[in-house]
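Data block below; observations after.
The values are calculated or read from the model by the stated rules, or taken from the named source; none is laboratory data. Quick caveat: nothing in here was measured; it's all calculated off a predicted structure. Cβ sites come from the backbone with ideal geometry, for glycine too, and all protein chains shown count toward neighbours. We work out accessible area using only protein heavy atoms, side chains counted, and drop any ligands, DNA or RNA first. Shrake-Rupley method; radii C 1.70, N 1.55, O 1.52, S 1.80 Å.
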Amino acid sequence: MANKSAVQTGSSRVPGRGVDLGPGSALANLGRLFLVCGVVGVLVAALFIPAGALATAAVGGADKFLSVVPESLDFKAPAQATTVLAADGSTIATLYAQDRQIIPLADMSPFIKNGIVSIEDARFYEHGGVDPTGIARALVATIKGGRQGASTITQQYVNNMLIEQLVADGKTDEAKLGAEKTVVDKVKEIKLAIGLEKTMSKDDILAGYLNIIYFGNGAYGIEAASKLYFNTTAKDLTLPQAAVLAGVVNRPSFYDPVTQPENAVNRRNDVLAKLLDQKKISQKDYAAAVATPLELQVTKSPQGCAAASTAPYFCDYVQQLILNDKAYGPTPEERTKVLYQGGLTIQTTLEPALQNVAQEQASATMSATDPLQRGAAVVSVQPGTGRVVAMAQNTVFDPATAPGNYMGNFALPVNDASGQPLHGAGGFPIGSTFKPFVFAEWLNSGHSMMTSINGAVRNYPLGYPWKNSCGPVSGAYDPAVPASFLLPNDDPNHYYSMSAYQGLYSSINTITFQTATALDFCNIQKIATAAGVKNGRTNEPYDMSEISSLIGTQNVAPLDMATAFATFASGGMHCDPIALVSITDAAGNKLPVPGANCKQAVTPEVAAGVTYALQSVLTRGSGWNIPLDDKSNAFAKTGTTDGNIETWTIGGTSGLVTASYFGSYQGNGPEWVNQDIVINGKYYAGVDGADLAGGQWAAVMNAAAGNPWYAAAPFAQPPAEMLQPTAALVAGVNDPKPGDAPVRPVVPEQPLESEQPAEPEPAQTEAPAPEPTPEQPAPEVPAPEPSNAPEAPTEPPAPEAPAQVIPTQPPAKP
């Protein structure tokens, strides 16, 4: 947006022509100029007098000096801004150490080309890099006590390139400006200027000069300056505008159009007079330009990820991917230089339409400045490709200390796989969203999802014979153990036998634990790791050494959870998340980008079984009230932790998977419990995974449904044996699997479309519960004992009849 405010200069030491001379003796300056004139005279003589005609020792020495001028000056390209693009080519952010875009001379207005030559070096197309006439004028001006530069455009270009290279190499303190230069420095500059004229055309030198020179207020090069001061391009500069910019370079602070407009206009008119004198413009053009008022449209180029209004955290993720990868430089310093000075064009996977919806939803769930200070986040990936297409959260990307300001990325682990920082929050406890991985191992080990499991078993004492080939398992749910208690469900209505299938879609803790008695915890960890689940703080595999891990007590980053569920959605194919599509440097060279490394991590049959069961979450289970428009080809799992502190909905379709989070990212003390709470004017007895997180999730998935790129195809059906009825599981006694023994045939349940569960008995409360809203059934009062609460549906389905009587307590340890 154009504005009239001043733009702050980025550095006090910048390359440029216009540097005020520091304190010094006029006689010293005069003496130095005489010495330089003598050297120049010798050099010029060597340039124009044939070598055979040189008779004096002085001229002979100059001839030897010039013979070692390099044929090509290996100047590195000046720093250029990097552009980060979304998938559709729109700009997410611009990153730079210096705001500069290199353009060819053909893309510059003839007014700026003629103006800069007229005011800075009128004999530019006549001299050989050093102008004896200019030096003579400077000598006369110095004798008279005045000040006039003697450097040609070629010399200025050389000087700026030398300074640019020092700055790029982190040697800013070695750069010498104006009066800081010694005679040796000046002679070196002259020598390089003469050498440069031998290897570059005049037009190329002029283009290089106009691309590197400093125009004040952080603008380097004519393209950035045109944008900054007039919100136009260098090609479209008018005569008055070009004259202003041509005048600035001599002394950018003194002729600053923003802070010193009178000086800038006077200097502009000097440029116009030079153009008239040199017959570059007509008297009519001159008169019109001089009469034109200074009309600035100051437009500061947005800089950095903070300026990426709808995707600052994704932008920072992209930055860190490059800064951490040795493919872009062997050291952090080299990679930083490539990113902020290399003029890269970075094409990313971000889909702006989905990102906008995700950001709107996260911000609407709870504003960053809400006194409750909860976090909301959404991240979406494409199954089968790993492309990260949306990444949003409700905080403000700002390092300043203020409510709602937060630089950590909710979606990411703390570090990448190499231990390099990603600026991630490190994940959150995932609650019941871990249950699908226990279920996956149940199927993977040959079990049927229709096996009846006893949900009445709640006592798991210390020393219970869990199996873990990776190490020991600790923990207990046993009132006989101090500070322990019986394993709870989310409500008192589901302590009975049901299929493993129903236990998953209704999110029953006691069913998950009973299935785990027949499994190797190490294999549960392995299948979760293969799918992409890992600890968000350490990047270690999900810890299965505690029995509470079965119901999601470990911290996992939302991006990793989205990737893991995408593994199920793609038929068991795991892809690493990718955010980079291509990177091109300023010269047009393609740089490598990380691949998704897609590979079969879970068998297609197990993946089909998991998605089959999780489809029922949305139609008859814990997510039945999530407002997804089309549930026919979608699956999901909700998750809620103790005190409803962290809540989740994760799932999607074959075309897109989204992890949605709402919770208390700043802590887990009593002040962060999400019970008996009002959010956005709505009362919650306890915030459930299907509530705020579910609403965010549904909005993004509904938005994606109309995009063919994310089209939802029907999921594969699981093999018949996974749906086959078996004998009931008796923990420690049997391990029933399909085909082990004849059983009464049972027609397996199928996912139903929008089936609303039957009305449960009302919970007993000390005070009447608040009236239900049309969108949400009456909230239930949380159980008094702590738990890793799953989400049984707020209106649960009718109980399945138990298949057989099973002991309510596990057998004693043998």
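Looking only at segment 665-673, decide whether some residue is modelled with pLDDT of 95 or more, among the hydrophobic types (A, V, I, L, M, F, W, C) and not in a loop (DSSP other than H, G, I, E, B).
yes
Failed condition for Gln148, given (1) at pLDDT below 65; (2) within 16 Å of Val249 (Cβ to Cβ); (3) open to solvent by less than 40 Å² (accessible area, probe 1.4 Å), with all others met?
(3)
Take the residues in segment 295-337 that are assigned to a loop (DSSP other than H, G, I, E, B), buried (at least 18 other Cβ atoms within 10 Å of the Cβ) and at pLDDT 95 or above, then tell me which one is farthest from the chain's Cα centre (by Cα).
Leu296
Check Asn217 against each of (1) at pLDDT below 95; (2) not in a loop (DSSP other than H, G, I, E, B) and name the one condition it does not meet.
(2)
Scan segment 477-487 and give yes if some residue there is under 17 Å from Ser506 (Cα atoms) and in a loop (DSSP other than H, G, I, E, B), otherwise no.
Yes.
So that you can scan it fast, the table gives a plain yes or no per residue for (1) in contact with a Leu (Cβ under 7 Å, 6 or more places away or on another chain); (2) open to solvent by 20 Å² or more (accessible area, probe 1.4 Å); (3) not in a loop (DSSP other than H, G, I, E, B):
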position	(1), (2), (3)
Glu223	no, yes, yes
Leu228	no, no, yes
Pro240	no, yes, yes
Ala243	yes, no, yes
Tyr255	no, yes, no
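Just checking, which of Thr365, Thr369, Thr395, Thr401 is among the β-branched types (Val, Ile, Thr) and without any contact (Cβ under 8 Å) to a residue 12 or more places away in the chain?
Thr401
Of the residues Ala390, Ala368, Ala400, Ala362, which is of a type in the set (Gly, Ala, Ser), part of a loop (DSSP other than H, G, I, E, B) and either in contact with a strand residue (DSSP E or B) (Cβ under 9 Å, 6 or more places away or on another chain) or surrounded by 20 or more Cβ atoms within 10 Å (Cβ to Cβ) (or both)?
On inspection, the qualifying residue turns out to be Ala368.
Take Val593 and tell me if it is buried (at least 17 other Cβ atoms within 10 Å of the Cβ), under 22 Å from the mean Cα position of the chain (by Cα) and part of a loop (DSSP other than H, G, I, E, B).
yes
Being buried (at least 24 other Cβ atoms within 10 Å of the Cβ) and in contact with a strand residue (DSSP E or B) (Cβ under 7 Å, 6 or more places away or on another chain) is the filter; apply it to segment 515-524 and report the residue that is farthest from Pro472 (Cα to Cα).
Among those residues, the one meeting the criterion is Thr515.
Would you confirm whether or not segment 615-633 contains a residue that is over 30 Å from the mean Cα position of the chain (by Cα), surrounded by fewer than 24 Cβ atoms within 10 Å (Cβ to Cβ), of a type in the set (Gly, Ala, Ser) and not in a helix (DSSP H, G or I)?
The answer is yes; a qualifying residue exists.
Which of the numbered conditions does Ala273 fail, given that it passes all the others? Conditions: (1) surrounded by fewer than 18 Cβ atoms within 10 Å (Cβ to Cβ); (2) of a type in the set (A, V, I, L, M); (3) in a loop (DSSP other than H, G, I, E, B).
Only one criterion is unmet by Ala273, namely (3).
Looking at (1) of a type in the set (A, V, I, L, M, F, W, C); (2) open to solvent by 20 Å² or more (accessible area, probe 1.4 Å); (3) more than 31 Å from the chain's Cα centre (by Cα), which one does Val606 not meet, given that it meets all the others?
(2)
Suppose the filter is surrounded by 15 or more Cβ atoms within 10 Å (Cβ to Cβ), β-branched (Val, Ile, Thr) and either part of a loop (DSSP other than H, G, I, E, B) or at pLDDT 85 or above (or both); does Ile190 pass it?
It is true that Ile190 is surrounded by 15 or more Cβ atoms within 10 Å (Cβ to Cβ), β-branched (Val, Ile, Thr) and either part of a loop (DSSP other than H, G, I, E, B) or at pLDDT 85 or above (or both).
Residue by residue through segment 463-473, note down the ones that are in contact with an Asp or Glu (Cβ under 7 Å, 6 or more places away or on another chain) and open to solvent by 50 Å² or more (accessible area, probe 1.4 Å).
If the condition is that a residue be in contact with an Asp or Glu (Cβ under 7 Å, 6 or more places away or on another chain) and open to solvent by 50 Å² or more (accessible area, probe 1.4 Å), then Lys467, Ser469 are the ones that fit.
Conditions: (1) surrounded by fewer than 19 Cβ atoms within 10 Å (Cβ to Cβ); (2) more than 20 Å from Cys522 (Cα to Cα). Ser445 meets all but one. Number of the miss?
For Ser445, the exception is condition (2).
Any residue in segment 499-511 that is touching a Phe, Trp or Tyr at 6+ places or on another chain (Cβ under 7 Å) and open to solvent by 20 Å² or more (accessible area, probe 1.4 Å)?
No, because not a single residue in segment 499-511 is touching a Phe, Trp or Tyr at 6+ places or on another chain (Cβ under 7 Å) and open to solvent by 20 Å² or more (accessible area, probe 1.4 Å).
Restricting to segment 501-519, name every residue that is in a helix (DSSP H, G or I), farther than 21 Å from Gly689 by Cα and small (Gly, Ala, Ser).
Selection gives Ala516 alone.
Being part of a loop (DSSP other than H, G, I, E, B) and among the aliphatic types (A, V, I, L, M) is the requirement here; does Ala587 meet it?
yes
Condition check ((1) surrounded by 18 or more Cβ atoms within 10 Å (Cβ to Cβ); (2) touching a Ser or Thr at 6+ places or on another chain (Cβ under 6 Å); (3) at pLDDT 95 or above; (4) within 24 Å of Gln359 (Cα to Cα)) across all residues:
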{"position": "Ile677", "(1), (2), (3), (4)": "no, no, yes, yes"}
{"position": "Val687", "(1), (2), (3), (4)": "yes, yes, yes, yes"}
{"position": "Ala713", "(1), (2), (3), (4)": "no, yes, yes, no"}
{"position": "Pro719", "(1), (2), (3), (4)": "no, no, yes, no"}
{"position": "Leu723", "(1), (2), (3), (4)": "yes, no, yes, no"}
{"position": "Thr726", "(1), (2), (3), (4)": "yes, yes, yes, no"}
{"position": "Leu729", "(1), (2), (3), (4)": "yes, yes, yes, no"}
{"position": "Pro736", "(1), (2), (3), (4)": "yes, yes, yes, no"}
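Can you spot a residue in segment 593-605 that is without any contact (Cβ under 8 Å) to a residue 60 or more places away in the chain and β-branched (Val, Ile, Thr)?
yes
Quick grid of which residues meet (1) over 34 Å from the mean Cα position of the chain (by Cα); (2) within 24 Å of Thr647 (Cα to Cα); (3) of a type in the set (Phe, Trp, Tyr):
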residue: Pro472; (1), (2), (3): yes, no, no
residue: Ser484; (1), (2), (3): yes, yes, no
residue: Pro488; (1), (2), (3): yes, yes, no
residue: Ser497; (1), (2), (3): yes, no, no
residue: Ser507; (1), (2), (3): no, yes, no
residue: Phe521; (1), (2), (3): yes, no, yes
residue: Pro541; (1), (2), (3): no, yes, no
residue: Ile551; (1), (2), (3): no, yes, no
residue: Gln554; (1), (2), (3): no, yes, no
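Out of the residues in segment 257-267 that are in contact (Cβ under 8 Å) with a residue 24 or more places away in the chain and outside any loop (DSSP other than H, G, I, E, B), which is least open to solvent (accessible area, probe 1.4 Å)?
Filtering first and then ranking leaves Ala264.
Looking at segment 693-706, can you tell me whether even one residue there is modelled with pLDDT under 95 and either assigned to a loop (DSSP other than H, G, I, E, B) or more than 29 Å from the chain's Cα centre (by Cα) (or both)?
yes
Only residues that are in contact with a Phe, Trp or Tyr (Cβ under 7 Å, 6 or more places away or on another chain) and part of a helix (DSSP H, G or I): list them for segment 340-359, please.
Tyr340
Applying the selection to segment 272-325, what residues are over 30 Å from Leu412 (Cα atoms) and of a type in the set (Asp, Glu)?
Those that are over 30 Å from Leu412 (Cα atoms) and of a type in the set (Asp, Glu): Asp277, Asp285, Glu295.
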